Amino acid sequence: MAQPYDRSFNFSAGPCTLPVEVLEEVRDDLLNYKGAGMGVMEMSHRDKAYIGIHAEAQASLRALMGIPDNYKILFVQGGATLQNTMVPMNLLGNGIADYVVTGAWGKKSHKMASLVGSVKKVYDGADNNFSEQPDLNSLSYSDGAAYIHVTSNETIHGTEFFEDPSALPAPVVCDMSSDILSRPVDVSKYALIYAGAQKNMGPAGLTVVIIRDDMLERTPENLHPMLDYRLTAENDSMLNTPPCWGIYVAGLVYKWLLKNGGLTWINGVNKAKAAAIYGAIDRSGGFYTGHAKADCRSIMNITFRLPSDEITELFVKESKAARFDGLKGHRDVGGCRASVYNAFPLEGCEALAEFMDEFARRNG
Ligand code: PMP
C-alpha cells in the first residue's frame, strides 16, 4: 500500500513514526522559521522566537493533558532513563520508595533507584513473565513510603494499565514514556509523570517531566544543578541550552493533537488500531498468541508469538518486503511486536491485520 513520500509502515518501538503533517511543517520551516531569518535548529535559545516556541509547547501540553496549575512542566535531557535516578535523588530523602515492577522498564527503574537509596519491590511480575498488570489497590505498601513508582505501559512486554491509580497511600510517580498522550489521564492522580519524547511526542533527546509543586520542596540542597528539579523549574528548564529542536517538534505534535480533537480523539483512533491487530491474533486459531493478558493488552505495543522461530523469521522477512518495518520483537520476549503510537495510521494496522490473516493461512 503506497504511503506518502514512499514511506514504510514503521512499527518501531521508538524512535518511531511522526505525523506527516508535522514533518511537512518542519520541512517548510527548516531553513527560515516564520521569517526569523534562520531555522529553529540554528537559533539561540535566548532568542525571542525560541522563547515563544518554548512557552507555547508548555501551554499546548498543559491544554492537551489538562495539567492543573499546581504542576510544572519541565523539559530535560538524559532520556526517561535519567529519570530513574533523578526521581529518587529528588524525592526519596532518607525514606523508602515502593516500586511496582510490571516489566523490563519497571525493573530497570527499581534497579537504578536502588543505587540511590532504599527501595522495595511491592510487586514483581517476573513469575508471569510480565504478562499482567496487578490491581494496584491490592498491593501492600511500605508505611510512609516516599512515593510509589509505576510504569503505565511496558513497551517491551506490551501490557498497559488504563485506570489512573487512586487511593494509594503515597504520591504516585509514573513512567509514561510509551503511552503518554495516547489517552486522557487525570494528571491530578500523579505526583510526577515522566516520559521520553521519542514515541508520542517528537525526536529523541527531550524528556518531559510533569511535577506537582509540593514535590519540588523535597529536593535536597546541593544536588548537581542539572539533576535538580527545583532549580530546573525555577529556571524554566533553561539552566543550560535546552533541547530546542525537540521542544519545537514536540510543540507541533501537541498542536496537531489539539487541532484534531485532543486525547479523546486519539484514544478512539488508537483503540481501533489496536483492535485491528489483536483481531488478527484472536481469529488465527492459535497461530498467533498474544503475550499480554486480555485485560491489560497495550494499545501502543502489541506483542505476539508465532508457532516457531523459523516461522517468526519468515514473518519478519516477508512483512519487511511488504513495507511493514520493525516487527521483530524485543529479545526479552521474543516473537513479534507491532508498536502503533499516535502517529501510526489506522490503515497500516488494517493492512497488517490482513497480511497476518493471509500469512497464517499459508503457514498454519
Ligand atoms: N521507560 C519506558 C517505558 C520505555 O519504553 C523506555 C524506552 N523504550 C524507557 C523508559 C527508556 O527511555 P530512554 O531511552 O528515553 O532513556
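The condition of being modelled with pLDDT of 95 or more, of a type in the set (Asp, Glu), within 24 Å of ARG218 (Cα to Cα) and within 20 Å of the chain's Cα centre (by Cα) holds for only one of ASP164, ASP98, that being ASP164. Listed by position, the strands (runs of 3 or more DSSP E) contained in region 132-244 that have at least 3 residues being within 27 Å of HIS54 (Cα to Cα) are 172-175, 192-196, 207-212. Residues of region 125-161 that are over 16 Å from the mean Cα position of the chain (by Cα) and among the β-branched types (Val, Ile, Thr): ILE148 alone. For TYR278, the test of being over 17 Å from the mean Cα position of the chain (by Cα), assigned to a helix (DSSP H, G or I) and farther than 24 Å from PRO4 by Cβ is passed.
Residues that are touching an Asp or Glu at 6+ places or on another chain (Cβ under 8 Å) and within 12 Å of the ligand (Cβ to nearest atom) within region 139-156 comprise HIS149, VAL150, THR151, SER152, ASN153, GLU154, ILE156, listed in sequence order.
Matching residues to (1) crowded, with 24+ Cβ neighbours inside 10 Å; (2) within 16 Å of the ligand (Cβ to nearest atom); (3) acidic (Asp, Glu):
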site	(1), (2), (3)
ALA170	no, no, no
ASP186	no, no, yes
LEU192	yes, yes, no
ALA197	yes, yes, no
ASN200	yes, yes, no
GLU217	no, no, yes
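Taken together, the residues in region 53-92 that are away from the ligand (no atom under 16 Å from the Cβ) and of a type in the set (Phe, Trp, Tyr) amount to 1. Could you tell me whether any residue of region 305-324 is within 21 Å of LYS199 (Cβ to Cβ), under 19 Å from the mean Cα position of the chain (by Cα) and open to solvent by less than 20 Å² (accessible area, probe 1.4 Å)? Within region 305-324, not a single residue is within 21 Å of LYS199 (Cβ to Cβ), under 19 Å from the mean Cα position of the chain (by Cα) and open to solvent by less than 20 Å² (accessible area, probe 1.4 Å).
Checking every residue in region 243-256 against the condition of being of a type in the set (Gly, Ala, Ser) and surrounded by fewer than 21 Cβ atoms within 10 Å (Cβ to Cβ) gives zero matches. Taking the criterion of being surrounded by fewer than 17 Cβ atoms within 10 Å (Cβ to Cβ) and among the aromatic types (Phe, Trp, Tyr), the only residue of region 257-284 that qualifies is TRP265. Tell me the helices (runs of 4 or more DSSP H) entirely within region 7-119 that contain at least 2 residues that are open to solvent by less than 60 Å² (accessible area, probe 1.4 Å) and under 30 Å from ALA321 (Cβ atoms). Because the criterion is at least 2 residues that are open to solvent by less than 60 Å² (accessible area, probe 1.4 Å) and under 30 Å from ALA321 (Cβ atoms), the helices (runs of 4 or more DSSP H) in region 7-119 that meet it are 20-28. Annotation note: Cβ proximity below 6 Å between a residue of region 147-163 that is on the phi > 0 side of the Ramachandran plot and a residue that is open to solvent by less than 10 Å² (accessible area, probe 1.4 Å) and within 12 Å of the ligand (Cβ to nearest atom) (sequence gap 6+ or interchain) occurs for GLY158/SER298; GLY158/ASN301.
The values are calculated or read from the model by the stated rules, or taken from the named source; none is laboratory data. Here the structure is a predicted model, which is why all the values come from computation and not from measurement. Reconstructed Cβ throughout: ideal geometry from the backbone, glycine too, with neighbour counts over all protein chains shown. Surface areas here come from the heavy atoms of the whole protein model, side chains and all, with no ligands, DNA or RNA. Shrake-Rupley method; radii C 1.70, N 1.55, O 1.52, S 1.80 Å.
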